[in-house]
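Colleague: Sending over a structure as structure tokens; questions will come in a sec.
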2 protein chains.
Amino acid sequence: MKCGIVIFPSKKLQDLANSYRKRYDPHYALIPPHLTLKAAFDTDYDLNQFTEKLNNIAEKYEPFILKIRKVSSFEPISHTIHFKAEKNAELEGLNEDFYKELPGGAPEHPFVPHITIAQKLSNDEHSDVFGSLKMLGVAHEELVDRFHLVYQLDNESWTVHETFRLGKDPQ
Amino acid sequence: MKCGIVIFPSKKLQDLANSYRKRYDPHYALIPPHLTLKAAFDTDYDLNQFTEKLNNIAEKYEPFILKIRKVSSFEPISHTIHFKAEKNAELEGLNEDFYKELPGGAPEHPFVPHITIAQKLSNDEHSDVFGSLKMLGVAHEELVDRFHLVYQLDNESWTVHETFRLGKDPQ
């Protein structure tokens, strides 16, 4: 089974991301807008085997402010346009811990926390769309107090297995 | 915000349900296959306000076996075809508690626990599809150890807010 770890941001930010994804992201119907903390990895384990490890990691980090300041692109590596999140100790720590504690190899790319709003565009589409989204801009802050362990179905859509709340004493 | 409470069954049962939903359920892309414990209700509250109540309800019920024995239809009330789940004390108790403890009015219909595999079919489609799915049949059992609080985005798709594990001492 393929699984991964993501943050689903607030409804407000998901709705904004979806207004772009609807037109520009072929994964629009497969998963709600999300920030990936650990990319998809294969496992034969019952996902409940990860619960204790993930609870321990969740306890290490208090809820934190997610800051989105701009629309970026991964060009020339890919034509993925995204809301770029400012790095902070919690995002980097969570990402490192998940790669250390869970199955799957080293990350393919350095960790750039982001919420994808467009991908798999042609060269021309990418220039057009990125040009106009960059102009529009984005400025958003919100509290993140949880992450989700998700797994992929045969149709490539994702289901949530479990939520983990950050902090020693989650409210 | 609209929210609701559902069980996502195992990947195996979700994949089976999706093999029908793909063709016969216009909600296919909006939410993974699920068993609704409390239908969508409107709330202005921060969803975290429900956490304590839902934790208390989750503690009252131990994990239980979900038994699916047949394909049914809600005809003549609607053309919704579904995997019918056998009623048991846990499903009925959870359903009652959610209606007692959470906002929203009384249920519109008596509680018939089920996983929808086809809906909004025309008369003729319904007869055809129900005829052949009934013949195919279904027999499935699995352990249910959690439920999910979900909320709806502007595009009508659903995101998971939080998972609650059943039992006094969830493993």
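The values are calculated or read from the model by the stated rules, or taken from the named source; none is laboratory data. Predicted, not measured: the structure shown is a model, and the values here were computed from it. Neighbour counts are summed over all protein chains in view; Cβ atoms, including those assigned to glycine, are modelled from backbone coordinates with ideal geometry. Surface accessibility is based on the protein's heavy atoms, side chains included, excluding ligands, DNA and RNA. Shrake-Rupley method; radii C 1.70, N 1.55, O 1.52, S 1.80 Å.
Colleague: Give me, ordered by chain and number, the residues 5 or more places off A:K70 or on other chains with an amide H under 5 Å from its own placed amide H.
Modeller: Amide H neighbours of A:K70: A:K84.
Colleague: When a/c reaches 1.5 or more, the comparison of a/b and b/c decides; with that in mind, is chain A rounded, prolate or oblate per its Cα gyration tensor?
Modeller: Because a/c hits 1.5 or more and a/b exceeds b/c, chain A counts as prolate.
Colleague: Given labels modelled 7 Å from the Cα in the Cβ direction, how far is it in nm from B:S10 to A:S132?
Modeller: So the label points at B:S10 and A:S132 sit 4.8 nm apart.
Colleague: Magnitude of the Cβ-charge dipole of region B:2-165, K/R +1 and D/E -1, about the Cα centre, nearest 20 debye?
Modeller: Using only the charged Cβ atoms, the result is roughly 600 debye.
Colleague: At B:A89, with labels set 7 Å past Cα in the Cβ direction, how many nm apart are the copies from this one, shortest first?
Modeller: Those label-point separations list as 4.9 nm.
Colleague: Another question, then. How well do other chains shield peptide A:13-22, expressed as the mean number of their Cβ atoms within 10 Å of each residue Cβ?
Modeller: 2
Colleague: With springs only between Cα atoms under 10 Å, which of B:G93, B:G137, B:G105 fluctuates most in a Gaussian network model of chain B?
Modeller: Of B:G93, B:G137, B:G105, the most mobile in the Gaussian network model is B:G105.
Colleague: Let me ask something else. Could you do me a favour and compute the accessible area per residue for region B:14-54, 1.4 Å probe, result in Å²?
Modeller: Averaged over the residues of region B:14-54, the accessible area is 49 Å².
Colleague: Nearest 500 deg cm²/dmol is fine: what mean residue ellipticity at 222 nm does the protein assembly as shown get from its DSSP H runs of n ≥ 4 alone, each adding -39,500 (n - 2.57), divided by its residue count?
Modeller: When only DSSP H runs of four or more count, the value is -9500 deg cm²/dmol.
Colleague: Long-range amide H contacts for B:G167: which residues qualify at under 5 Å (H placed 1.01 Å from N, peptide plane, sequence gap of 5 or more or a different chain)?
Modeller: The answer is B:E59, B:K60, B:Y61.
Colleague: Another question about this same structure. Taking θ as phi - 60°, what are the ³J(HN,Hα) couplings along region A:115-128 by the Karplus curve (6.51, -1.76, 1.60), each to the nearest whole Hz, with x for Gly and Pro?
Modeller: 10, 5, 10, 7, 7, 6, 8, 6, 3, 5, 4, 4, 4, 4
Colleague: Report in % the part of the accessible area of chain B that belongs to carbon and sulfur, leaving out ligands and nucleic acids; probe 1.4 Å.
Modeller: The value for chain B is 49 percent carbon and sulfur by accessible area.
Colleague: Same structure again: To the nearest 100 Å², how much accessible surface do chains B and A hide from each other in total, with a 1.4 Å probe?
Modeller: 2200 Å²
Colleague: Report, for A:K67, each distance to the same residue's label point in the other copies, shortest first and in nm; define the point 7 Å along Cα→Cβ.
Modeller: 5.8
Colleague: Going 7 Å from Cα along the Cα-Cβ axis for the label, what nanometre distances separate A:E156 from the same residue across the other copies?
Modeller: Label point to label point, same position, other copies: 2.3 nm.
Colleague: Pop out a list of residues from region B:154-171 that are at least 20 Å² less accessible with all the protein chains around than in their chain alone; 1.4 Å probe, no ligands or nucleic acids counted.
Modeller: Residues passing the criterion (a loss of at least 20 Å², heavy atoms only) are B:D154, B:N155, B:T159, B:V160, B:H161, B:E162, B:T163, B:R165.
Colleague: Calculate one ³J(HN,Hα) per residue across region B:11-27 by plugging θ = phi - 60° into the Karplus curve 6.51 cos²θ - 1.76 cosθ + 1.60, and present them in order as whole Hz with x for glycine and proline.
Modeller: Those phi angles translate into 3, 4, 6, 5, 4, 4, 4, 5, 5, 8, 4, 3, 8, 10, 10, x, 8 Hz.
Colleague: How far is it, in nm, from the label point at A:E108 to the one at A:L143 when both lie 7 Å from their Cα along the line to the Cβ?
Modeller: 3.6 nm
Colleague: Filter A:K38/B:K12; A:K38/A:K84; B:K12/B:K70; A:K120/B:K11 down to the pairs with a C-alpha to C-alpha distance above 22 Å, please.
Modeller: Distance filter (> 22 Å) returns A:K38/B:K12; A:K120/B:K11.
Colleague: Go through A:T51, A:L149, A:S10 and say which Cα lies farthest out towards the positive end of the charge dipole of chain A; charges sit on Cβ, +1 for Lys and Arg, -1 for Asp and Glu.
Modeller: Highest projection toward the positive end goes to A:S10.
Colleague: Also: Can you run phi through the Karplus equation (6.51, -1.76, 1.60; θ = phi - 60°) for region A:149-162 and list ³J(HN,Hα) in whole Hz, with x for Gly and Pro?
Modeller: For region A:149-162, the Karplus curve yields 8, 10, 9, 9, 7, 4, 7, 6, 7, 10, 10, 7, 8, 7 Hz.
Colleague: Ok, one more. Starting from the 7 Å offset along Cα-to-Cβ, what nm value, one decimal, do you get for the label separation of A:K87 and A:R69?
Modeller: It is 1.3 nm.
Colleague: Summing Lys, Arg as +1 and Asp, Glu as -1, what charge do residues with Cβ under 14 Å from the Cβ of B:Y151 carry, B:Y151 excluded?
Modeller: -2
Colleague: Something else now. Amide H of A:L30: which non-local residues (sequence gap of 5 or more, or other chain) have their own amide H closer than 5 Å, using H built in the peptide plane?
Modeller: none
Colleague: With the contact rule set at Cα under 8 Å and sequence spacing of 6 or more, what percent relative contact order holds for region B:2-165?
Modeller: Relative contact order for region B:2-165 comes out at 34 percent.
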